[in-house]
Amino acid sequence: MKIRIALILLMASMVGYAQNTQDSIVKTYHLGEVEITGFKIEEVPMPQTTKIDYWELRKADAPDLAQLQKNIPSGRIRTNSRGESILFLRGAGERQLGLFFDGVPYNVPWDNRFDLTFLPLDVVGEISVSQNASSVLYGANVLGGAVNINTYERSTNGSNGSFSFSGSNSETYSGSGSFDWKKDNFNFTAAAAYLDSKGSILPGNSPLELQSQDRDAKYITNTQRKRFSLFTRGEWWFSESSKTGLSINFVTGSKGVAPETHVAPAAARLWRYPEWNRLTVSSNSKFRLTNKFDLTTVLWLDNFGQKIETYSNLTFSSVTEAQQDKDLTLGGRASLIYKMNENHSLHGVVNFSATAHNEKIFNGRGSQTSDFDYSQNFLSSGLEYSYRYEEFSILAGGVFDLSMINKTGAFSQYGNTSASAPGVFASVAWEVSPGWEVFAGVTYRNRFPSLRESFSGALNRFKANPDLKPEKGTLTDFGVKYGNSGVTLKLSGFYNSYSDLISQIRLTTAQDAQRRRMRINLADATIIGTELVFDYKPSSLIGISGNLTYMDAKGKADGVIEDKLDNKPEVLGGVTIELKPLNRIGVSLESEFTGKQVETNPDKPAEKIEIAGSAVFNLRLSYSLIATGFSGDIFARVNNIFDHYRIYQLGLIEPGRSISGGITIKL
């Protein structure tokens, strides 16, 4: 332990030298420029999309997507009471967003969401964030926006390898290695990564009244985790305009779930995930049929499994109940583009997926008490028209989504049912003068309830409600974008309205003797806001970038108007100042803002409890290694410098001050 800490401090003390420009590092790495894989979803480019590039991701030093909130405009990443790190975008919840990894849907269909701590960033080259759902490529259930995670690949012949190691004062250690090779028409990439963490640091000024938490402990209760991942991809171009590829992505791990600290331990979730596994195999192909027709196909097989154990007390020594989940999904996408001429094109897409879920429940003695099967198919088809002439662009289209529910566990009477929903969207952009562009867009989409929302009891914490209806949303945005040498600004306004939102209520004793929660189509919501994204580099020695969002979220639940909606912060943002005082030294000062929010009082549902806003500050120092045959980077980082106490939501603590360091070598 002491040796590891000494190594980290030694790395930090070496940061007294310098950092070369990014261009020279890029040219050293991969013998050319890093290129984003062609496996990504290729949307028609519109100003509403924000991209987080390769270098911004590297400098975040984040082991997974869960730690990138400050980089995502209008994004809020928080950990819920199930221990899942989930993304909200302009107030839209995690089930309303699409998450794609190299074009493959990554939300688990059973619950239509995904824990971001199990998405490592080692092979990620770019993250594209679409704040609306204006594309026929996404398929069903993308209501409030989409996040596209794209890997990188070589762009020139040759081979490279890299490895990295990092450690922190929270006894979180990670290591990764990668190899890439390109020979003419063939491209290959392989990577592996491992993470082992004792837990998240407990802030030093935590309140005295916390429950389920020892205030003298170093870590937040039950926040340990482990993760191992493997990724490999091969791609073959059999002509200048046609290719096919195969990728395999495997992630396994385990983690604990921090219990809520605002309730007694008997009422808190005392959970652990001792098993978590996911294997995704996908095939992507692109064909030039004629000089006017291009066909792109994607096929994927997704095998997911997890085990949840619930415990009787904070010693986590006695399991009272366990749940074993297994999911198997087969899906595909066929996309045909017809280029009528250099200005006009039509894009027709069909998305299909079939998913099967098995849920087994075991009591504390290990005896099986239930075994239920669920299955659902989705079909989404759409047509999109795009027009581009000089400085003017138009994108418009429509989709038709179909949900077919087959098996429904204990609620067999609801099996073999279907529901359908249309969607439309339109966006326009106009470069009114050199550097200045105005844009606007509107989208209407639906989201079907997930199988878990409708039919699962979540280890008896919920009463199932098979009568849930689809959620509906209309997203409108407009704005202006300015770009010139060294300066990029984008100012957007948005007006998003939702109806038939699925909300949780606490049942009365008369309704349910156990007073469980139940999901119902209770709420409407209107979210109005403005968003600023900026990047300013006046010289090679200094740069400032970031984003800032203000939102006003109002709604109506069961006929009662609510001035503030739960867990919708008024302000979100992040700012990074980068300095290069010497040739190879890099200094980054970062800030992350989360405004005040409210949450329903669990003891008095008619009242709201205000959760204070927070501002945390980080510092990163780096030193670049440039030599014949290899390059590298050594960094030291302090997150939450002032050890500020803050919470994701009622009772769930965010990490305190973390000190880390690491090294990356590229051969």
Item to complete: Kindly indicate whether any position in segment 92-112 is in contact with a helix residue (DSSP H, G or I) (Cβ under 7 Å, 6 or more places away or on another chain), in contact (Cβ under 8 Å) with a residue 12 or more places away in the chain, in a strand (DSSP E or B) and crowded, with 23+ Cβ neighbours inside 10 Å.
Response: no
Discussion item. Take the conditions among the β-branched types (Val, Ile, Thr) and under 30 Å from TYR645 (Cα atoms) and apply them to THR244. Does it pass?
Written reply: no
Worksheet item: Which one of SER85, SER74, SER81 is among the hydroxyl-bearing types (Ser, Thr, Tyr) and without any contact (Cβ under 8 Å) to a residue 40 or more places away in the chain?
Response: SER85
Discussion item. Looking only at segment 441-480, filter to residues that are over 25 Å from the mean Cα position of the chain (by Cα) and either aliphatic (A, V, I, L, M) or closer than 28 Å to THR549 by Cβ (or both); which one of those is modelled with the lowest pLDDT?
Written reply: LEU459
Discussion item. Scan segment 347-364 and tell me whether some residue there is acidic (Asp, Glu), in a loop (DSSP other than H, G, I, E, B), more than 23 Å from THR297 (Cβ to Cβ) and touching a residue at least 12 places away in the same chain (Cβ under 8 Å).
Written reply: no
Practice prompt. Tell me which residues, restricted to segment 244-271, are farther than 19 Å from TYR219 by Cα and either without any contact (Cβ under 8 Å) to a residue 40 or more places away in the chain or acidic (Asp, Glu) (or both).
Written response: LEU246, ILE248, PHE250, THR252, ALA266, ALA267
Worksheet entry | SER254 among the polar types (S, T, N, Q) and more than 19 Å from SER317 (Cα to Cα) | no
Worksheet item: Among LEU475, LEU522, which is within 18 Å of MET46 (Cα to Cα) and not charged (D, E, K, R)?
Response: LEU475
Practice prompt. Test PHE304 against the criterion of being in contact (Cβ under 8 Å) with a residue 40 or more places away in the chain and on the phi > 0 side of the Ramachandran plot, and give yes or no.
Written response: no
Practice prompt. Please specify each residue of segment 639-659 satisfying the condition of being assigned to a loop (DSSP other than H, G, I, E, B) and either at positive phi or open to solvent by 30 Å² or more (accessible area, probe 1.4 Å) (or both).
Written response: ASN640, ILE641, PHE642, ASP643, HIS644, TYR645, ARG646, GLY651, PRO655, ARG657
Fill in: All positions within segment 549-592 that are closer than 14 Å to TYR648 by Cα, at pLDDT below 95 and part of a strand (DSSP E or B)
ASP566
Practice prompt. Please determine, by comparing only the residues of segment 242-294 that are in a loop (DSSP other than H, G, I, E, B) and open to solvent by 40 Å² or more (accessible area, probe 1.4 Å), which one is farthest from PHE186 (Cα to Cα).
Written response: ALA264
Practice prompt. Could you pull out the residue among ILE394, ILE405 that is assigned to a strand (DSSP E or B) and under 30 Å from GLY457 (Cβ atoms)?
Written response: ILE405
Fill in: Qualifying positions in segment 305-321 - in contact with a strand residue (DSSP E or B) (Cβ under 7 Å, 6 or more places away or on another chain) and either under 15 Å from LYS255 (Cα atoms) or not in a strand (DSSP E or B) (or both)
GLY305, GLN306, LYS307, ILE308, GLU309, THR310, TYR311, SER312, PHE316, SER318
Worksheet item: Among the candidates ASP552, ASP563, which residue alone is within 19 Å of ARG90 (Cβ to Cβ), free of Cβ contacts under 8 Å to residues at least 40 places away in the same chain and open to solvent by less than 50 Å² (accessible area, probe 1.4 Å)?
Response: ASP552
Item to complete: Report the residue count in segment 501-524 for those that are basic (Lys, Arg) and closer than 17 Å to LEU451 by Cα.
Response: 2
Worksheet item: Is it the case that segment 395-403 has a residue that's open to solvent by 50 Å² or more (accessible area, probe 1.4 Å) and either under 17 Å from LEU468 (Cβ atoms) or modelled with pLDDT under 95 (or both)?
Response: no
Worksheet item: If we scan segment 191-207, do we find a residue that is of a type outside the set (A, V, I, L, M), open to solvent by 10 Å² or more (accessible area, probe 1.4 Å), assigned to a strand (DSSP E or B) and in contact (Cβ under 8 Å) with a residue 60 or more places away in the chain?
Response: no
Discussion item. Taking the criterion of being buried (at least 22 other Cβ atoms within 10 Å of the Cβ), part of a loop (DSSP other than H, G, I, E, B) and in contact (Cβ under 8 Å) with a residue 40 or more places away in the chain, would at least one residue in segment 155-168 satisfy it?
Written reply: no
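The values are calculated or read from the model by the stated rules, or taken from the named source; none is laboratory data. On a predicted model such as this, the values are computed, not experimentally measured, just so you know. We place every Cβ from the backbone using ideal geometry, glycine too, and count neighbours over all the protein chains shown. The accessibility values were calculated without ligands, DNA or RNA, using every heavy atom of the protein model including side chains. Shrake-Rupley method; radii C 1.70, N 1.55, O 1.52, S 1.80 Å.
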